[in-house]
Structures are given as structure tokens and as C-alpha cells.
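Down below is the structure, laid out as C-alpha cells.
The values are calculated or read from the model by the stated rules, or taken from the named source; none is laboratory data. These figures come from a predicted structure and were not determined experimentally. Counting neighbours? That spans all protein chains shown, and the Cβs are built from the backbone with ideal geometry, glycine included. Note: accessible area is taken over every heavy atom of the protein model, side chains too, but ligands, DNA and RNA are not part of it. Shrake-Rupley method; radii C 1.70, N 1.55, O 1.52, S 1.80 Å.
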Amino acid sequence: MNIAVIGLGLIGGSMAKGIKTKTGHMVFGKDTNSETMLMASLSGAIDKEIDDKILGDCDLIFLCLTPNVAINWLEENKKKISSKTTVVDFCGIKRDVCKKLSKIAEEGNFSYVGGHPMAGKERGGFKNSSPDLFTGASMILTPDEKTLPETLETLSSLFYDVGFSRIVYSTPEEHDRIIAYTSQLAHIVSSAYIKSPEAARQRGFSAGSFRDMTRVAYLDEKMWTELFLGDADYLTKELGILISHLEEYKSALESGNKEELTKLLKEGREAKIVAGGN
């Protein structure tokens, strides 16, 4: 297949490298950063830079861009895309993105499926990309009533080849509700936690728990602001739940209520057992 990767940052660069390393497909890339394009070409992550002719010959197009950029790119290029092509976005929110991209795809007469690879690093950019980034990860897809079974078979086969261990089918609504808790809330907590004055004075007093809590505070603030605002309803709900639980711990500590604090900690341990995961 001919596969286009638009946006060669951490996710797009890793996807391009993974396809080239683990499959026999052709990969064509595009990034607004000229240095990134040079690195992608020299490293063999892409076979060639995309032009209009190549774009029209692609079987798959992966939009590894922020939501608004992805929407604008597809709108600007919809007339260049063949009816045989399937476009997949890798954006971190799905409701608004899927609604708008699906409409553009219908106007352009090509297929579209929403997607979100559940993998990443705290440091982005092509230089941090890896062909093994997606090994063992889940790939979320949000097909709709227009999605053909053979399209999902093609995508699933490719994603498994690249290293994903699980394909999860969801709706845009369910995706945004759950991702507000599993990803977005964690980034906000990390960002808030590191702002304590003690963070700059921890000098050797930190271990695994500090590293785990602060790792994702090193984020792209512009990208995450767009993601947070695009999922603000679900995210604020999760923040409210978290704040109410924190108030319970604070109250137990202030009152010296040993029994209540023990109960709260026990509830947290048991909730972790039920939730499972890493």
C-alpha cells in the first residue's frame, strides 16, 4: 500500500518508522518543519515527500496533527484525495474532530475513520520518535455506519503489524468521556502537583512516586490546551470528582481522624484492584 503520514512529530514519526521497519508498504511524509523532513528522509522513515500526485495515489492517509490543524488540512486537500483512500486521524479528542472530518470526507467522496493510538512520551518531536513506540499499545478506532468491514480489516492488520496489541472500537462520545479520566486528568494533576515550592527543593528526596507523578507535566501546553478545551465538559466533571475526594483526605488529616483516613486509603487500594491496568 501507499501510506501518507501528515505530521512527523512523535506519533507521526513513530508511525512512519514502524511501517517502514515492520512492513513492506511505501510511506510518504509531510511536515511543515524542514529539519524534520530532512531527518525523516535521511533516516529512511519515509520514501519520499508527499506531493499532489502522490497524495492522489495513497491508499491510507494518517493525520498525525492537532485537531484544528487536522481539520484545516483535510478541508484544504479534500479535492486531491482519491475515492479509494481512507483517511484516519490520530487526534486525542474525537467528538468534534470526527463530526467535522466525516463531513469533509463525505464532500470529498473518500472514507474516514477516527483513531487514537494510546501511546506516547512526555517529550515530542521526530527526534524522540521510535518504530517501537506502539508495541503493546491499544489503538482506538471510532468507525461509523459508513465504515466498510474491509476498511477495518485493512487498518487492523496494519496496526497489528506495527506493534499494537489491541484494537478497541468505540464511539466518539465514549472515547472523550473515558479519555478525560485516563489521560487528560492525569496531565492536569501532574501539572498542578509540580507547582509546589517543594518541587525545586526535593534534591534527592524523590523516588519512583515523584517521577511517576511529574513525568507528564513536561507537555506541549498548546496542544494540551486544545485537547482540554475540546473535552472540557467531561474533563471538568472528572476534576470535580477528584477535588471532592481530595477534600475528604484533607478533612481527615485536619481532624486527625485515623479511622477515616485508613478507610479512604483502603477504598483507594481496593478501587485500584478493581480497575486493574498499569
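Considering only residues of the stretch 113-124 that are over 17 Å from residue 147 (Cβ atoms) and at pLDDT 95 or above, which is surrounded by the most Cβ atoms within 10 Å (Cβ to Cβ)?
117
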- request: Find all pairs meeting these conditions: Cβ atoms under 9 angstrom apart; at least six residues apart or on different chains; first residue within the stretch 12-39 and in contact (Cβ under 8 Å) with a residue 12 or more places away in the chain; second residue open to solvent by 80 Å² or more (accessible area, probe 1.4 Å) and hydroxyl-bearing (Ser, Thr, Tyr).
  value: 18/135
- prompt: Which is at pLDDT 95 or above, open to solvent by less than 70 Å² (accessible area, probe 1.4 Å), under 25 Å from residue 178 (Cβ atoms) and among the acidic types (Asp, Glu), of 247, 260, 238, 267?
  reply: 238
message: Take residue 164 and tell me if it is in a loop (DSSP other than H, G, I, E, B), touching a strand residue (DSSP E or B) at 6+ places or on another chain (Cβ under 6 Å) and either of a type in the set (A, V, I, L, M, F, W, C) or surrounded by fewer than 14 Cβ atoms within 10 Å (Cβ to Cβ) (or both).
response: yes
- request: Inspect all residues belonging to the stretch 57-69 and state whether any of them is surrounded by 14 or more Cβ atoms within 10 Å (Cβ to Cβ), in contact (Cβ under 8 Å) with a residue 40 or more places away in the chain and aromatic (Phe, Trp, Tyr).
  value: yes
Positions within the stretch 219-278 being under 30 Å from residue 65 (Cβ atoms) and either more than 32 Å from the chain's Cα centre (by Cα) or of a type in the set (Lys, Arg) (or both), in sequence order: 222, 237
statement: Picked from the stretch 1-48 (must be out of contact with any Asp or Glu (no Cβ under 9 Å at 6 or more places or on another chain), open to solvent by 70 Å² or more (accessible area, probe 1.4 Å) and among the charged types (D, E, K, R)), the residue farthest from residue 86 (Cα to Cα) is 35
field: Residue in the stretch 174-197 that is aliphatic (A, V, I, L, M), over 14 Å from the mean Cα position of the chain (by Cα) and open to solvent by 80 Å² or more (accessible area, probe 1.4 Å) present
entry: no
statement: When restricted to 80, 103, the only residue in contact with a helix residue (DSSP H, G or I) (Cβ under 8 Å, 6 or more places away or on another chain) and basic (Lys, Arg) is 80
task: Six or more apart or on different chains, Cβ under 7 Å: which pairs go from a residue in the stretch 244-273 that's part of a helix (DSSP H, G or I) to one that's open to solvent by 100 Å² or more (accessible area, probe 1.4 Å)? Could you list them?
output: 261/253
field: When residues of the stretch 220-233 are limited to those that are of a type outside the set (A, V, I, L, M, F, W, C) and open to solvent by less than 40 Å² (accessible area, probe 1.4 Å), the one farthest from residue 176 (Cα to Cα)
entry: 230
field: From the options 62, 110, 90, residue that is modelled with pLDDT of 95 or more, over 26 Å from residue 131 (Cα atoms) and of a type in the set (Phe, Trp, Tyr)
entry: 110
field: Test result for residue 74, surrounded by 22 or more Cβ atoms within 10 Å (Cβ to Cβ) and of a type in the set (A, V, I, L, M)
entry: yes
Sole residue being open to solvent by less than 40 Å² (accessible area, probe 1.4 Å), more than 16 Å from residue 7 (Cβ to Cβ), among the polar types (S, T, N, Q) and out of contact with any Cys (no Cβ under 6 Å at 6 or more places or on another chain), chosen from 83, 102, 129: 102
- prompt: From the list 152, 158, 148, which residue is open to solvent by 70 Å² or more (accessible area, probe 1.4 Å) and more than 21 Å from residue 67 (Cα to Cα)?
  reply: 148
